[in-house]
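Asks: Let me give you the structure first, and then I'll get to my questions.
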Amino acid sequence: MRLFDSHSHVDTPEFDADRDAALDRAAAAGVVAQLVPAVDHDTWPQLRAVCAARPGLHAAYGLHPTYLHLHRPAHLAALHDWIERERPCAIGECGLDFFVEGLDLALQREIFEAHLALAREFDLPLVLHARRAFEETILALRRVGGLRGVVHSFAGSEEQARQLLDMGFLLGIGGPVTYERARRIRRVVATMPLEGLLLETDSPDQPDAGHRGQRNEPARLVEVLRVIATLRDESEAHVASATFANACRLFGLTDDGLARAV
């Protein structure tokens, strides 16, 4: 089976000591493609270098809302130039976070809206972070219109899932679904159309239930796949194939997930 990790931060310092080994483990587990989203301006060159070094690693560039203290007004202009030059597969990670205390909500909204405008301008999908902010995120997407992307680590309601799917957004599902207490997201996963689903690890964060407290890594996507297939009463091969195709279609990649589609 081929698997696509639609949200993996393998460029971060947590992988500096064993990045190649972690990527080898992922490949051995069938994870042949990954979308690697940025979090702040200064990490873009490292992310680009990591993705260039291995086939199947695809970059997205953006400014993450929980790293607000690192963002500067000039970084949005730099993001426009970076996207125009690098032509990434997606824009992000970006969005809204109403969970972390002390984040400037007005500044979050300003930066988020700038990302939406860039997605329209460059006709690229968005990689969205929406923690405790699903309703406002949905309203913002509707105001702009004509957008597509993935809401990573989706934790909303069945109705919010339906609204996002109707707008052309996919839902990224990772380690949290493996916890038995995650009843709401398990209900969503069990009933949502498979064409609206992507698998993710959010490495090095959000490990599955069998590795709680440990650094997460892309090879553990197989645990997410196993639980989702069980919840849907479908074969792992079927879920793997469908979600792989979903990711390639969303990010504009060839069917093998290794290169940009012409």
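Asks: Looking at G156, G168, which one is on the phi > 0 side of the Ramachandran plot, out of contact with any Asp or Glu (no Cβ under 7 Å at 6 or more places or on another chain) and not charged (D, E, K, R)?
Replies: G168
Asks: Still on this structure, I have one more. Under the condition of being under 15 Å from the mean Cα position of the chain (by Cα) and assigned to a loop (DSSP other than H, G, I, E, B), which residue from the stretch 217-262 is farthest from G175 (Cα to Cα)?
Replies: Looking at residues that are under 15 Å from the mean Cα position of the chain (by Cα) and assigned to a loop (DSSP other than H, G, I, E, B), I get G252.
Asks: Pairs, please: C-beta under 9 Å, at least 6 apart or cross-chain, first residue at negative phi and in the stretch 1-14, second assigned to a strand (DSSP E or B) and among the acidic types (D, E)?
Replies: Note: pairs meeting the criteria are H7/E93; H9/E93.
Asks: If you don't mind, there's one more thing I want to ask. Tally the residues that are under 21 Å from H152 (Cβ atoms), touching a strand residue (DSSP E or B) at 6+ places or on another chain (Cβ under 9 Å) and surrounded by fewer than 19 Cβ atoms within 10 Å (Cβ to Cβ), restricting the search to the stretch 55-81.
Replies: Adding up the residues that qualify gives 2.
Asks: May I ask you to list pairs of residues, at least six apart or on different chains, whose Cβ atoms are under 7 Å apart, with the first in the stretch 58-82 being farther than 15 Å from L118 by Cβ and the second being of a type in the set (V, I, T) and surrounded by fewer than 14 Cβ atoms within 10 Å (Cβ to Cβ)?
Replies: Close Cβ pairs satisfying both conditions: T66/V100.
Asks: Kindly list, by first and then second residue, each pair from a residue in the stretch 226-238 that is on the phi > 0 side of the Ramachandran plot to a residue that is in a helix (DSSP H, G or I) and surrounded by 13 or more Cβ atoms within 10 Å (Cβ to Cβ), limited to pairs with Cβ atoms under 7 Å and residues at least 6 apart or on different chains.
Replies: Qualifying pairs under 7 Å: none.
Asks: Could you check E110 against (1) touching a strand residue (DSSP E or B) at 6+ places or on another chain (Cβ under 8 Å); (2) part of a helix (DSSP H, G or I) and say which number it fails?
Replies: (1)
Asks: In the stretch 82-125, which residues are of a type in the set (V, I, T) and surrounded by fewer than 22 Cβ atoms within 10 Å (Cβ to Cβ)?
Replies: Those that are of a type in the set (V, I, T) and surrounded by fewer than 22 Cβ atoms within 10 Å (Cβ to Cβ): I83, V100.
Asks: Would a scan of the stretch 70-92 turn up a residue that is among the aromatic types (F, W, Y) and within 18 Å of the chain's Cα centre (by Cα)?
Replies: There is no residue in the stretch 70-92 that is among the aromatic types (F, W, Y) and within 18 Å of the chain's Cα centre (by Cα).
Asks: Also: Which residues, counting only those in the stretch 16-73, are under 30 Å from L107 (Cβ atoms) and aliphatic (A, V, I, L, M)?
Replies: L35, V36, A38, V39, L47, A49, V50, A59, A60, L63, L68, L70
Asks: For a quick check of your reading of the model, give me the residue pairs whose first member lies in the stretch 94-121 and is without any contact (Cβ under 8 Å) to a residue 24 or more places away in the chain, whose second is part of a loop (DSSP other than H, G, I, E, B), with beta-carbon atoms closer than 8 Å and at least 6 apart or on different chains.
Replies: Note: pairs meeting the criteria are L105/F98.
Asks: Still on this structure, I have one more. Being modelled with pLDDT of 95 or more, closer than 26 Å to A28 by Cβ, surrounded by fewer than 19 Cβ atoms within 10 Å (Cβ to Cβ) and touching a helix residue (DSSP H, G or I) at 6+ places or on another chain (Cβ under 7 Å): is that true of A219 here?
Replies: No; evaluated as a whole, the condition is false for this residue.
Asks: What is the one condition in (1) over 20 Å from L253 (Cα atoms); (2) in contact with a Gly (Cβ under 9 Å, 6 or more places away or on another chain) that L124 does not satisfy?
Replies: Every condition holds for L124 apart from (1).
The values are calculated or read from the model by the stated rules, or taken from the named source; none is laboratory data. Note that the coordinates shown come from a computational prediction; the quantities given were computed from them, not determined experimentally. We place every Cβ from the backbone using ideal geometry, glycine too, and count neighbours over all the protein chains shown.
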